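Below is one structure; the comments refer to it alone.
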Amino acid sequence: GNHLGNDTLISLISDARTLFLCHYGMPPDDVANSRSSTLITDLATLYKAPAFLNDQLLIEVGVTDLNRYGGDFIYRITRQCDNSVIALAKNGFVFFDFVASKVVEIPAEFKERFSALAESCIIQ
């Protein structure tokens with residue numbers, strides 16, 4: 001009934017992730033100027049409140065649980081007018097060499113940028 005659907009939420013967090021990586025100078029298709037890029041492996045969402053067509057949403061993005069090959073992007077989606085948490089989400093990711101068609105280690109630049117602390121960025 002005129003509320004934010006699952007497909008819309010997936011699109012919004014995908015766009016937020018792209019803006020987040022670009023904000024840190026690491027566009028998803030050119031991370032560390034290598035042949036590899038992030039490949040999303042899973043999505044988990046927890047819906048907390050409904051959101052509607054004209055709601056202005058704040059999407060906070062972070063990186064956590066880094067390992068040798070990837071980690072998790074985490075999201076908090078909040079309605080700005082009343083600070084209601086609309087949803088929490090997580091995408092698992094790995095770095096993938098699309099030419100060799102295999103999982104590869106995280107590029108050093110990515111690991112250095114995001115492993116020191118839980119980096120986060122607000123995307124509006």
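If we keep just the residues of the range 78-99 that are more than 18 Å from ASP42 (Cβ to Cβ) and assigned to a strand (DSSP E or B), which is most open to solvent (accessible area, probe 1.4 Å)?
Of the residues in the range 78-99, the ones more than 18 Å from ASP42 (Cβ to Cβ) are 78-86, 97-99.
Subsequent filtering for residues that are assigned to a strand (DSSP E or B) retains 78-79, 84-86, 97.
On the way: THR78: 14, ARG79: 28, SER84: 33, VAL85: 53, ILE86: 3, ASP97: 13 Å².
Result: VAL85.
If you scan the range 34-44, which residues turn out to be open to solvent by 70 Å² or more (accessible area, probe 1.4 Å) and outside any strand (DSSP E or B)?
Initially, the range 34-44 is screened for residues open to solvent by 70 Å² or more (accessible area, probe 1.4 Å), giving 35, 41, 43.
The answer is ARG35, and nothing else.
When residues of the range 45-75 are filtered for being within 12 Å of LEU9 (Cβ to Cβ) and in a strand (DSSP E or B), how many remain?
6
Within the range 66-80, can one find any residue that is hydroxyl-bearing (Ser, Thr, Tyr) and either more than 22 Å from LEU19 (Cα to Cα) or modelled with pLDDT under 95 (or both)? Outline the logic, then answer.
Of all residues in the range 66-80, those hydroxyl-bearing (Ser, Thr, Tyr) come to 69, 75, 78.
Then keep just the ones that are either more than 22 Å from LEU19 (Cα to Cα) or modelled with pLDDT under 95 (or both); that gives none.
So far as the range 66-80 goes, no, none of its residues is hydroxyl-bearing (Ser, Thr, Tyr) and either more than 22 Å from LEU19 (Cα to Cα) or modelled with pLDDT under 95 (or both).
Filter the range 45-77 for residues that are open to solvent by less than 30 Å² (accessible area, probe 1.4 Å), of a type outside the set (Asp, Glu) and under 30 Å from GLU105 (Cβ atoms) and give the result.
ILE59, VAL61, GLY62, VAL63, GLY70, GLY71, PHE73, TYR75
Which of the residues that make up the range 33-53 are among the aromatic types (Phe, Trp, Tyr) and modelled with pLDDT under 90?
First, pick out the residues of the range 33-53 that are among the aromatic types (Phe, Trp, Tyr): 47, 52.
Passing the criteria: only PHE52.
The values are calculated or read from the model by the stated rules, or taken from the named source; none is laboratory data. Keep in mind that what you see is a predicted model, and the values were worked out from it rather than measured. In this analysis, Cβ positions are derived from the backbone assuming ideal geometry, glycine residues included, and neighbour counts consider all displayed protein chains. To get the accessible areas, we keep the full protein, side chains included, count just its heavy atoms, and leave off ligands, DNA and RNA. Shrake-Rupley method; radii C 1.70, N 1.55, O 1.52, S 1.80 Å.
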